[in-house]
Amino acid sequence: MSDWVVTLIDKTGYIGVGFLMFLETVFPPIPSEVIMPVAGVAAAQGSMTLGGVIASGTAGAMFGNVFWYLVARVIGLERFRPFIEKHGRWLTLDWYDVEKSEKLFGRFGSVVVGVGRLLPTVRSVVSIPAGLLKMRLRSFLIWSTIGTAGWSSALAVAGYVLGKQFDDINKILGPLSSAIIALIVLAYVWRQLTWRKRHPDA
């Protein structure tokens, strides 16, 4: 699973890291838990610097974060409701979830965005409630950047350390990336299987 990520990063360097992180944020083809460690390994091998890897990964992810924030802000909360009611099951999201997010953002918006960027899955979607609820752009950018940089740094440093200790890093990254993707799929399937239990009238 990590082979094509390794190839793209080897050929395109920082641009590839930023592009992959942008894609991961906008339409996740492969998780950042794979992208940034691979980039960290490349830094350990000397083809890039660790700081450059973290900066490019953070920048790419932030472009995706801002994209979803702006889309959600243009749509607005009320126009978003029919979409959730029609397609919520496949998103494993209902209007009650949206209302909980609205209350949470009303009290702790900046903290939710900052901490949300450090949590798998949440980090990719927290831009949407921030935009729907019209969080101030300046606060969104500051807290998103802090959280995204922290997440990208942790993953890149982990890859950098692994790259310094092991010659054949693919023996570790291959199974690791497959396990991460499997967990994401299992979590989605579980949400689907328990949807009726949470929504008996659906």
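The values are calculated or read from the model by the stated rules, or taken from the named source; none is laboratory data. Just so it is clear, the structure is predicted and the values come from calculations on it, not from any experiment. In this analysis, Cβ positions are derived from the backbone assuming ideal geometry, glycine residues included, and neighbour counts consider all displayed protein chains. The protein model used for the area step is the full one, side chains on, heavy atoms only, and it has no ligands, DNA or RNA in it. Shrake-Rupley method; radii C 1.70, N 1.55, O 1.52, S 1.80 Å.
Here are the numbers for this structure:
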quantity	calculated
Subset of the range 155-166 (residues that are in a helix (DSSP H, G or I) and either of a type outside the set (A, V, I, L, M, F, W, C) or surrounded by fewer than 15 Cβ atoms within 10 Å (Cβ to Cβ) (or both))	159, 160, 161, 163, 164, 165
Checking residue 145 against (1) modelled with pLDDT of 90 or more; (2) over 19 Å from residue 22 (Cα atoms); (3) open to solvent by less than 70 Å² (accessible area, probe 1.4 Å), the condition it does not meet	(2)
Qualifying residue in the range 21-31 (condition: more than 20 Å from residue 147 (Cα to Cα), of a type outside the set (Asp, Glu) and surrounded by fewer than 19 Cβ atoms within 10 Å (Cβ to Cβ))	yes
Single residue of the range 43-83 satisfying the filter (out of contact with any Phe, Trp or Tyr (no Cβ under 7 Å at 6 or more places or on another chain) and of a type in the set (D, E, K, R)) that is least open to solvent (accessible area, probe 1.4 Å)	73
Residue selected from the range 125-142 under the condition farther than 13 Å from residue 72 by Cβ and not β-branched (Val, Ile, Thr), by the criterion least open to solvent (accessible area, probe 1.4 Å)	139
Filter result for residue 179 (modelled with pLDDT of 70 or more and either touching a Phe, Trp or Tyr at 6+ places or on another chain (Cβ under 7 Å) or outside any helix (DSSP H, G or I) (or both))	no
